[in-house]
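Accompanying notes for the structure given below.
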Amino acid sequence: MRKVLQAPRDWLRKVRRAGRKFLFRPSISRDGILKLRLTIFLLAIAKAAPRSRVKTFQLLYPSLSAPCPASSPEICEINSLADFPSSYSHLAAILAHPGKAPPPSEVEFLRRIENRQIDQGRIGVSDCLFLTAFVSILAPSGVVEIGTLGGFSAAIIAATLRRQHGEEGAARVDTIDNSAKCVIDETRSTGFEISESFPELASMIRLHVPHDSSIVSELAERDELEFVFIDADHRHPMPLLDLLRLAPYIKPGGWILLHDTRLGTMGREASKNSQTSRWVTAYGPEWLFDYWPFRKISGGNIGAIQLPDEKSALIPFAVRLMSLPFEIEDRHERAVRRAVHRTFERLI
């Protein structure tokens, strides 16, 4: 009897799923430009806050006929510790800090932790080097990280800030995770590595669990942050949602670092070659980075994207990117789509 009663419901779900796939299917030109479909355009206008609908229409309408192509990334991969000093100088020049060099203690610290990068969930060696160099060059007074896990990357950021601002400096790291238990080891709390491996940095790091990226409104003022790091739920469009929630609190021209910008491709290649992969094939960070129409820097499987001076320019990009197939569960799709639309009002 239960199966008989569930059959119409399951059929209706399949119809709804097929309808969404048809209405929200992506439209990509021959040269790889992601275009804005009329269905997505109309939905964005309808779901916009009433007082921002006219402005949203004005921002989106030109994209119907003149889609914005993705930009080409500047390249600065740091593949080994031996390459760190020269690559640091190259990245400093890209970031308009020519002549800046890493403090001697930076290389020593990286050498000490180099062999601790093999645990599941930690960022790889080259990604760690890129993250360290980026934070060291910009030397912000505060950093927000989305996705804590064990807390390793938060500690790396904190250690880098301490070398730039000194032990008595006011630099801080706010790291946010939606799970109180560490995903890679549920017997431990999220952020356990901070106190276990980096106790001297614990006072610089504020852990916010269980919370999502919306809590940033309680941690920063508008246009305050110069740099944020997103390394949380990689399923599309979750990285986009994190970015849009953070954007009002980042300075115009500020930087967002995305981890696992090749994750989807690596997972797909492993599957194609019948290899067992430790990567989940999720394309969120990869699509966000690849289709980004503004300035960006590739460090391999990690990449930095720069906010435009006019943050409202993010809205046409976000709406186009939302036409790519969502990788979250169907029952969450509507709520996430609504959450993305809600971010637009703060960008106008």
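Where a number appears in this text, it was derived from the coordinates with a stated rule and is not lab data. Worth saying up front: this structure is predicted, and the values here are computed from it rather than measured. Cβ atoms come from the backbone with ideal geometry, glycine included; neighbour counts cover every protein chain shown.
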Checklist outcome for this item: Stretched fully, the stretch from Arg112 through Ser203 gains (0.36 nm per residue minus C-alpha distance, one decimal, in nm) 30.6 nm
Next on the checklist: I want to verify a result. In a Gaussian network model of the chain, Cα cutoff 10 Å, which of these has the top mean-square fluctuation: Ile137, Ile40, Ile113?
Outcome noted: Ile113
Checklist entry - DSSP beta bridges in region 100-250, what fraction antiparallel, as a percent rounded to 5? => result 15
Checklist entry - Picking from Ala155, Asn79, Phe134, whose Cα lies most toward the positive end of the charge dipole for region 74-309 (charges on Cβ: Lys, Arg +1; Asp, Glu -1)? => result Asn79
Checklist entry - Counting DSSP beta bridges in the chain, what percent are antiparallel, to the nearest 5? => result 40
Next on the checklist: Helix-only mean residue ellipticity at 222 nm, the chain, DSSP H runs n ≥ 4 weighted -39,500 (n - 2.57), per residue, nearest 500. What is it?
Outcome noted: -13000 deg cm²/dmol
Checklist outcome for this item: Computed for the chain: size of charge dipole around the Cα centre, +1 on C-beta of each Lys and Arg, -1 on C-beta of each Asp and Glu, debye to nearest 20, value 2380
Checklist entry - Which one of Asp212, Asp185, Asp177 has the biggest mean-square fluctuation once the chain is modelled by GNM with Cα springs under 10 Å? => result Asp185
Item to check | Pairwise centroid distance, computed over Cα atoms, of region 153-220 with region 238-308, Å | outcome: 21
Item to check | Mean shadow area of region 74-309, taken as a quarter of the surface of its Cα convex hull (nm²) | outcome: 12.3
Checklist entry - Around Arg295, what is the net charge, scoring Lys/Arg as +1 and Asp/Glu as -1 over all other residues with Cβ under 12 Å from its Cβ? => result -1
Checklist outcome for this item: Phi angles of region 199-209, converted by Karplus (6.51 cos²θ - 1.76 cosθ + 1.60, θ = phi - 60°) into ³J(HN,Hα) in whole Hz with x for Gly and Pro, give x, 5, 9, 4, 5, 8, 10, 10, 9, 10, 9
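Counting other beta carbons within 10 Å of each Cβ, put Glu218, Glu145 in order, fewest first.
The fewest-first ordering by Cβ neighbours comes to Glu218, Glu145.
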Checklist entry - For Asp185 and Ser80 in one chain, what is 0.36 nm times their gap in residues minus the Cα-Cα distance, to one decimal in nm? => result 35.0 nm
Checklist outcome for this item: Most exposed first, judged by fewest Cβ atoms within 10 angstrom, Thr39, Thr175 run Thr39, Thr175
Next on the checklist: For a protection proxy built on the mean count of beta-carbon atoms within 10 angstrom, sort 79-88, 234-243 highest first, please.
Outcome noted: 234-243, 79-88
Checklist entry - Along the charge dipole of the chain, which of Leu42, Ser195, Val183 sits closest to the positive end, that is, farthest toward it, with unit charges on the beta carbon of Lys, Arg, Asp and Glu (+1, +1, -1, -1)? => result Leu42
Item to check | Cβ-Cβ FRET estimate between Phe294 and Ser195, R0 fixed at 35 Å, reported to 0.05 | outcome: 0.40
